[in-house]
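Note sheet for the following structure.
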Amino acid sequence: MKKTLLFMAHPTNDMQDDLTALGRLGLMHISPFQPAKDESIERVQSRIEQLEKAISILDNCDDTEATSSVKVDDYTHQERGEIALLERVIETNGANKELQKQIAELSKDKQWYDSWGNISLDDIKIINSNGIFLKLYEIPEKDLKAIRTQENVQIVGHSNGLAQVVLISEDKETALNYHPIEFPGNSQKEVEQALNDKTAKLSSGKQLLLQLSAQRELLENALDERKRRLKVRTVQYGGIAFHDKVRCWEGYVPESKVSDVTEAADKNGWGYVVSDPQPDDYDSVPTLLHNPKWTDKIKPVMNFMGLVPGYDEIDVSKIFLVFFTFFTGILVGDAGYGLIFFALTLLAHWKSGFVKKIEFGLFYTLSVSIMLWGVLTGTYFGAETLANIPFLKQLQVSQLASFGGDNLRIQQFMFLIGAVHLSIGHIQKGLKYINTVLVIAQVGWVAIVWGLYFMVNKMVLAIPAPEFMPWLFIGGAILVALFSSPGQPLLKGILSSLGNLPLNVINGFSDVISYIRLYAVGLSTVLMASSFNDMAIGDGITTIASGALAVVVLILGHALNMALAAMAVLVHGVRLNMLEYSGHANVEFSGSEYNPFKINKI
């Protein structure tokens, strides 16, 4: 990346063309000097929200409710037609919502009349004016016994399991100990007439929106234009203005694209200063990764976790993908589950029209890894019977087999994976400093990692360590002490390195042991699957009911086990790459992604 200062000598309100040209170039990642604030930005943001709301309204139009066509204006040829269309859509939608609210209230009144009958509100008013007051109640049947003896209480009907009761009294304050039912505000005829009118208006309003939806492209184009304006103005007011005549921006451009930016600057009369970023700038320099196409599969995981290597950090995408795929196979480790994951991915891919998406490639890859490890370990839905089928048994690696394998060797294999993984981290770190003596210090760390591997085998698995193990620690420590701090005086550098060495070795020891989680989680997946099988068919299937129950247990049990295995992949598969390996590769994922100011050409 090259650090670039860009200058445009124009008044503040006359920069749209130049900034649009810069945006269409799409190469400069701009680091704003200040938060972009201006009334024009707020206006554009407000208009974007309105356009998005209007488009959403038209997207949700239900054509099944279409009745007859409604004549609407053609806004595509009107001046500021997109604004008129926007306002018409929002106004109509607001009116429809108000009608729906009114219809809901009228429907309650209609239900009241359906329940209590055609009661004349005028008659009720006349009765009240003569000093007789009626109050309505709906009372549970079990409470009727307590009020039947009251002469001023009449039971007039039943509705929804409740008794309809009328209290007749000359005292307006007299009441039963129940919540009274209020009289509607309008007569039955008025309610029905209003309900019909408003339902017709609502239908007409919905039809209007449906007709307007044919012009939604006008709103979409307007939304794209407002988003372009917002980008331009956000960049514009994020720069520093000098006397309202010159405005300056700071940003970063890929080294291979600097000439494109400078040529555009010369063509448009922009000033510029291009320089190499200094170490103090590294925290703000964006990271642009150049990887082979096959490594794109890991992007969904990296994006989900928000993992972007810093500008001065090594790119771990390739190793992350390879080992994440390998870890996923071990953590799930069931060929049957892998086949189901593959089938579900294929089904989703088919439903999407086999669109090319990175996510599908990732899921296919992980599914195949799970199936391969399941075949090697002889694991098929946790069923030992399936594993012992002659053809499938020939494909097993006997020492890795889930049923009858050598657990000691499997655990040793997991520690071996850890040592290899951590060693690759140090090798990558060494390659970064290939022209300095720091690479020798990383050789020392590789030696220490393998010394830790042999130590873990001895302490955890009781496997005898080779005689040369101490020399790995001694030689590694010497190399680390001598070559880890080349910029400091020799004695000070050695003391500093030796001071940090014990804690780093202890951390390395725990990192190697941490890879045992692959074995533990993979084993738990097999044991859970086997347990569900025993629960379902352990005692045999003797009746149709027991067979149906067995099917339910197998489906729910294995579905739960697959869900837990998928969670284990996110927790442990990512962790071993993100913490243990990346820690040894000195990658803190402190970077920000290269995101240039870009405006698509219309």
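The values are calculated or read from the model by the stated rules, or taken from the named source; none is laboratory data. Model, not experiment: these values are computed from the prediction. So basically every Cβ, Gly included, is an ideal-geometry build from the backbone, and we count neighbours across all protein chains shown. The accessibility values were calculated without ligands, DNA or RNA, using every heavy atom of the protein model including side chains. Shrake-Rupley method; radii C 1.70, N 1.55, O 1.52, S 1.80 Å.
Remarks
- Accessible surface ranking for Phe415, Phe363, Phe532, 1.4 angstrom probe, highest first: Phe363, Phe532, Phe415.
- Apportionment of accessible area to carbon and sulfur, the stretch 222-366, percent (1.4 Å): 59
- Alpha-carbon geometry of the stretch 107-240: the Rg and the Dmax are 27.8, 87 Å, given in that order.
- Of the residues Asp266, Asp260, Asp334, Asp281, the one with the largest accessible area comes first in the ranking Asp266, Asp260, Asp281, Asp334, computed with a 1.4 Å probe on protein heavy atoms.
- Close amide H contacts of Lys2 (hydrogens built in the peptide plane, cut-off under 5 Å, sequence separation of 5 or more or a different chain): Val253, Glu255.
- Separation of the stretch 507-566 and the stretch 312-341, taken as the distance between their Cα centroids, equals 20 angstrom.
- Helical mean residue ellipticity (222 nm; -39500 (n - 2.57) per DSSP H run of 4+; nearest 500) of the chain: -19500 deg cm²/dmol
- Ranking Ala568, Val552, Ile516 by Cα position along the charge dipole of the stretch 465-602, where only Lys, Arg, Asp and Glu carry charges on their C-beta atoms, puts Ala568 farthest toward the positive end.
- FRET efficiency for the Ala462 to Ser510 pair, using the beta carbon distance and R₀ = 22 Å, is estimated at 0.70.
- Checking the cross-link pairs Lys299/Lys393; Lys97/Lys125; Lys37/Lys598; Lys97/Lys172; Lys53/Lys356; Lys2/Lys318 against a 28 Å limit on the alpha carbon distance flags Lys299/Lys393; Lys97/Lys125; Lys97/Lys172; Lys53/Lys356 as lying beyond it.
- The mean accessible area for residues of the chain, using a 1.4 Å probe and ignoring ligands and nucleic acids, is 55 Å² per residue.
- The gain in end-to-end length when the Ile440 to Asn600 segment is fully stretched comes to 52.8 nm, 0.36 nm per residue minus the alpha carbon separation.
- Between 0 and 90 degrees, the angle of helix 258-268 with respect to the longest Cα principal axis of the chain falls at about 50 degrees.
- If R0 equals 35 Å, the separation of the Cβ atoms of Ile48 and Ser204 corresponds to a calculated FRET efficiency of about 0.75.
- Taken about its Cα centre, the chain carries a charge dipole of about 1620 debye when Lys and Arg each add +1 at the Cβ and Asp and Glu each add -1 at the Cβ.
- Karplus-derived 3J(HN,Hα) values for the stretch 550-566, using 6.51 cos²θ - 1.76 cosθ + 1.60 with θ = phi - 60°, are 4, 5, 4, 4, 5, 5, 5, x, 5, 5, 4, 5, 5, 5, 5, 5, 5 Hz; glycine and proline are entered as x.
- DSSP bridge pairs, the chain: antiparallel proportion in percent, nearest 5: 95
- The stretch 38-48 - phi-based ³J(HN,Hα) in whole Hz, Karplus 6.51/-1.76/1.60, Gly and Pro as x: 5, 4, 5, 5, 5, 5, 5, 4, 5, 5, 4
- A Förster radius of 41 Å combined with the Cβ-Cβ distance from Asp73 to Glu190 puts the calculated FRET efficiency at roughly 0.75.
- Whole-Hz couplings from phi, Karplus 6.51/-1.76/1.60, listed for the stretch 282-298; x for Gly and Pro: 4, 5, 9, 6, x, 9, 10, 8, 10, 10, x, 4, 5, 7, 4, 4, 7
- Nearest-ten-degree value, helix 358-377 long axis tilted from longest Cα axis of the chain: 60
- Cα lying deepest toward the dipole's positive end in the chain, options Val285, Gln164, Leu99, charges on Cβ: Val285
- Charge tally around Gly557: other residues with Cβ under 14 Å, Lys/Arg +1 each, Asp/Glu -1 each, net -2.
- Amide H partners (placed H, <5 Å) of Ser590, local residues excluded: Gly310
- Once the mean of 1/r is taken over each pair of separate Cα atoms and inverted, the stretch 284-387 shows a Kirkwood hydrodynamic radius of 15.1 Å.
- Cα long-axis angle, helix 335-351 against the chain (0 to 90 degrees, to the nearest 10): 60
- Average 1/r across all pairs of distinct alpha carbons in the chain, invert it, and you get the Kirkwood radius: 32.4 Å.
- Accessible surface ranking for Lys172, Lys293, 1.4 angstrom probe, highest first: Lys293, Lys172.
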